Amino acid sequence: GLVIDDLSVDYDSTRAVSGLSLHVPDGQTLAIVGPSGCGKSTVLRTIAGLTRPAEGRVVVGGRDLTHVPASARDVGLVPQNYALFPHLSVRGNIEYGLKARGVDKVARREAVDRLLAFTELTPLAQRRPSQLSGGQRQRVALARAMAIEPSVLLLDEPLAALDPQLRGAMRRQLLDLLGATTSINVIVTHDRHEALSMADVVAVMRDGRLVQAGSPRELWQAP
Ligand code: ADP
Ligand code: ADP
């Protein structure tokens, strides 16, 4: 599981996250919701190792990652704007993390082929990101994050960059893809419907603090 233990994160003198504790069992999806600026992205960045906490710990599968650098973490991140490499093809983008980790060519090709099929991108493997639709870019970002077979998959507002008409269809597709992974998934969203439909556990944040946590059913029935 993923354990976030009494986590506090500062930017200069501002406390962005304050005393946050959460536990996500293996195979489950956590959604972090709350208004803009409440600290959601900061929590994701801290799990990914891109931001150092002032206090507290991040533990995955019993291993304390707090002082492990981002590149050595077993964590995949799908950033809000997808941040694909514009000069690389779809295949090159998905392959990137495997190359960086020294995986050999044959194993890389096999892994990328499998991910292309899984995300239904096989016919688009040679395209550049600029030649893809929003939904296709999202799937490339997802495949790239999944390539390293992370224990924890982090998604920052995964549907926010999509047209409103596309969002419903992509939400269902994303749900299917996440359901087929064994990772612990953490989704940041400001959309309550998205959180309630995709998550096993919902954490509601406000001003850097956890104000509510529970299953969608529990939160749905809350007054
Ligand atoms: P505000 O103080 O701006 O009225 P809300 O109470 O509407 O804030 O909640 C802020 C965010 O937290 C919203 O994105 C909302 O979707 C989410 N939220 C609040 N309560 C719940 C809940 N019980 N279940 C799921 N999401 C919630
Ligand atoms: P959310 O993802 O919920 O919108 P963030 O985690 O981005 O919230 O931000 C939490 C708080 O930290 C906000 O008050 C924001 O202004 C502040 N913050 C975020 N990033 C930085 C930064 N790089 N430097 C200084 N303050 C930041």
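Just so you know, all these numbers are worked out from the coordinates, no wet-lab data involved. Keep in mind that this is a model prediction, so the values were computed, not measured. Quick reminder, even Gly has a Cβ in these numbers, built from the backbone with ideal geometry, and neighbours come from all protein chains shown.
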* Structure fact -> Ala70 and Arg217 label points (each 7 Å along its Cα→Cβ direction) are spaced in nm at 3.8
* Structure fact -> With only helices counted (DSSP H, runs n ≥ 4, each -39500 (n - 2.57)), the per-residue ellipticity at 222 nm for the chain, to the nearest 500, works out to -10500 deg cm²/dmol
* Structure fact -> By the C-alpha gyration tensor axes a ≥ b ≥ c (rounded if a/c is under 1.5, else prolate when a/b exceeds b/c, else oblate), the shape of region 123-200 is oblate
* Distance between Cα centroids, region 167-195 to region 62-141: provide it in whole Å. => 18
* Quick one: which residues, 5 or more positions from Val186 or on another chain, have an amide H under 5 Å from its amide H? H modelled 1.01 Å from N in the peptide plane, none for Pro or chain starts. => Leu30, Leu153, Leu154, Leu155
* Can you find, among Met170, Ser197, Gln221, the residue farthest towards the positive end of the dipole of region 148-223? Put +1 on the C-beta of Lys and Arg, -1 on that of Asp and Glu. => Gln221
* Highest GNM mean-square fluctuation, the chain, Cα pairs closer than 10 Å: which of Arg137, Arg101, Arg171? -> Arg101
* Could you check which residue among Glu157, Glu110, Glu55 shows the biggest mean-square fluctuation in a GNM of the chain with a 10 Å Cα cutoff? => Glu110
* Just Gln28, Gln136, Gln126 to compare: in a GNM of the chain, with alpha carbon springs under 10 Å, which one fluctuates most? -> Gln126
* Long-range HN-HN contacts of Ala16 with modeled amide H, under 5 Å -> Val9, Asp10, Tyr11
* List, in order, the whole-Hz ³J(HN,Hα) value for each residue of region 157-173 obtained from phi through the Karplus relation with A = 6.51, B = -1.76, C = 1.60 and θ = phi - 60°; use x for Gly and Pro. => 6, x, 10, 5, 7, 8, 4, x, 5, 7, 4, x, 5, 5, 4, 5, 5
